[in-house]
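A short reminder: the numbers here are calculations on the coordinates, not readings from a lab. Being a predicted model, the structure only gives us computed values, none of them experimental. Using ideal geometry, Cβ is built from the backbone for each residue, glycine included, and neighbour counts are taken over all protein chains shown.
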Amino acid sequence: MIDYSKIVLELGKELSEVRYRYSAEGFEPFYYEREIGEAIKAVNKCADSLKETQHRHIETLHADPYKVEQLCKILSHETDKEKEHYGARLHHKASGAKVLTIDAGGLRALITHYATHRTDLENGEEEM
C-alpha cells in the first residue's frame, strides 16, 4: 500500500529545496511551486479517499462492526497465554436466568454470528 504521508513529505522537501536553491539566485519558481502545491493537494485527496474506502469496507465487512470489535477484544484477552482466563459473563436480569460464562469457543461463535447479522432489537435481526 502506498504511504501517502511519505510522498507529501518528499514533495514538501522538494518545494523547500527549490525555494532555497533558486531564491539565493534571485529567481522565484512560482509555476513549479504551484504545481508541487497542487500535487500535494492531489496526494492528500487520494489519501482521504483511501481512508473513506477502508472505513466503508470495515462497515460492510461486519454486519454489526461494534459487537464484532468488542467480542474480538474479549477473545484476544481470553486466548492470551500470559493472562488468567475467567471467560466472558452473560447476564439477563429480566429473565431471571443465572449468569453464564462464555469460553473462547463461544466467543468465536458469537463473532461469526455478528459478522453476518445486524441486530435490531425492535424488529428482530437482519441477515446480511
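Please identify the longest segment of the chain free of exposed chymotrypsin sites (Phe, Trp or Tyr not before Pro), where exposed means a DSSP state other than H, G, I, E or B and no more than 13 other Cβ atoms within 10 Å.
So the longest stretch without any such site is 28-85.
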Can you run phi through the Karplus equation (6.51, -1.76, 1.60; θ = phi - 60°) for the range 27-33 and list ³J(HN,Hα) in whole Hz, with x for Gly and Pro?
10, 10, x, 4, 5, 5, 4
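Rounded if a/c is under 1.5, else prolate if a/b is larger than b/c, else oblate: which is the range 65-127, with a ≥ b ≥ c the root eigenvalues of its Cα gyration tensor? Could you put the intermediate results ahead of the total?
On the way: a/c = 2.81, a/b = 1.32, b/c = 2.13.
In terms of gyration-tensor shape, oblate.
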Counting only residues 5 or more places away or on other chains, whose amide H sits under 5 Å from the amide H of ILE102 once H atoms are built in the peptide plane?
ALA88, ARG89, LEU90
Got a sec? Which residues in the range 65-87 would a label at ALA104 touch, if it sits 7 Å along Cα→Cβ and we count backbone N under 13 Å?
74-87
Entry for percent of Cα pairs over 24 Å apart (calculated from the structure that is shown) out of (1) 39; (2) 59; (3) 33:
(2)
